[in-house]
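Reading through the structure tokens given below for one structure.
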């Protein structure tokens, strides 16, 4: 059986202590994999802190072949960092699988074996890790539920997984050429209709510290996922605006019919209601026109394709360990 090469790709912003612990866990996991060569590539997302020297002992890692850090010119956010990392690997590294995961410990290295096992059954699918049980606080669960509900309402799709996934080499070039992954990796894969499935996993505990993502950053992250479906979202909102306009027209004619064609008395507030209906219809028409121009502008704009444009955001590649 030929040796298979896997690349563990993880975005890092200042949290280098967690990255070192992740590398240790990946090294242990790699020791349990047969006929596999493992490399680790960290995407330095414009960190303001320097990386600790992970190669402070000769032969520290028994099963990892190489560790590299791909430095970005500025902080891009972890979704864009993942897209740039995938594009870099697609253009410069030969491999059989790419494992995308976060470096904070919540994506557990021990689950890599499960993902690879599932991927080996069908190398024409991307396999995501779906958290079967969440351990966050009550408030976070409420907002996460609302996020999933709004995502389903606005896009017509359900999202039940994050970044942790395995991409087979046969799909890597396709993924790198999809502009949808620039805003949100998981939603981009779904939007691009790339074959994918998921397996249940448990959320791990953070290696230490608190998440660097604030509430505002989490909201932006959710909006980024929805923005991948901008065309579907636009059409749905346009249909909603048209329905509002139609309801307003019908309501206005009902008032006119009752006033002039029936003996029924019109209450004094009917005039205010009619004015309100006209105002709502006018706002709906403005929304419809805005959405139409937004859709036309999106269709005519040049999209960012990671595989073609990634080099503009790369600073340099630093190899920090080789076995």
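The values are calculated or read from the model by the stated rules, or taken from the named source; none is laboratory data. Just so we're clear, the structure is a prediction, and the values are computed from it rather than from any experiment. Please note: Cβ atoms are built from the backbone with ideal geometry, for glycine as well, and neighbour counts cover all protein chains shown.
Quick notes
Rundown of residues vs (1) closer than 29 Å to residue 187 by Cα; (2) in a strand (DSSP E or B); (3) outside the structural domain of residue 311 (by TED's automatic domain parsing), yes/no style:
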position: 11; (1), (2), (3): yes, yes, no
position: 18; (1), (2), (3): yes, no, no
position: 43; (1), (2), (3): yes, yes, no
position: 50; (1), (2), (3): no, no, no
position: 103; (1), (2), (3): yes, no, no
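- The one condition in (1) surrounded by fewer than 22 Cβ atoms within 10 Å (Cβ to Cβ); (2) on the phi < 0 side of the Ramachandran plot; (3) at pLDDT below 90 that residue 15 fails to fulfil: (1)
- Among the numbered conditions (1) at pLDDT below 75; (2) touching a helix residue (DSSP H, G or I) at 6+ places or on another chain (Cβ under 7 Å), the only one that residue 297 does not meet is (2).
- The single condition among (1) assigned to a helix (DSSP H, G or I); (2) touching a residue at least 24 places away in the same chain (Cβ under 8 Å); (3) surrounded by fewer than 17 Cβ atoms within 10 Å (Cβ to Cβ) that residue 190 does not meet is (3).
- Of all residues in the range 113-127, at least one satisfies being in the same structural domain as residue 219 (by TED's automatic domain parsing), under 15 Å from the mean Cα position of the chain (by Cα) and either within 22 Å of residue 221 (Cβ to Cβ) or touching a residue at least 40 places away in the same chain (Cβ under 8 Å) (or both).
- The residues in the range 146-187 that are surrounded by fewer than 18 Cβ atoms within 10 Å (Cβ to Cβ) and not in a helix (DSSP H, G or I) can be counted, and the count is 5.
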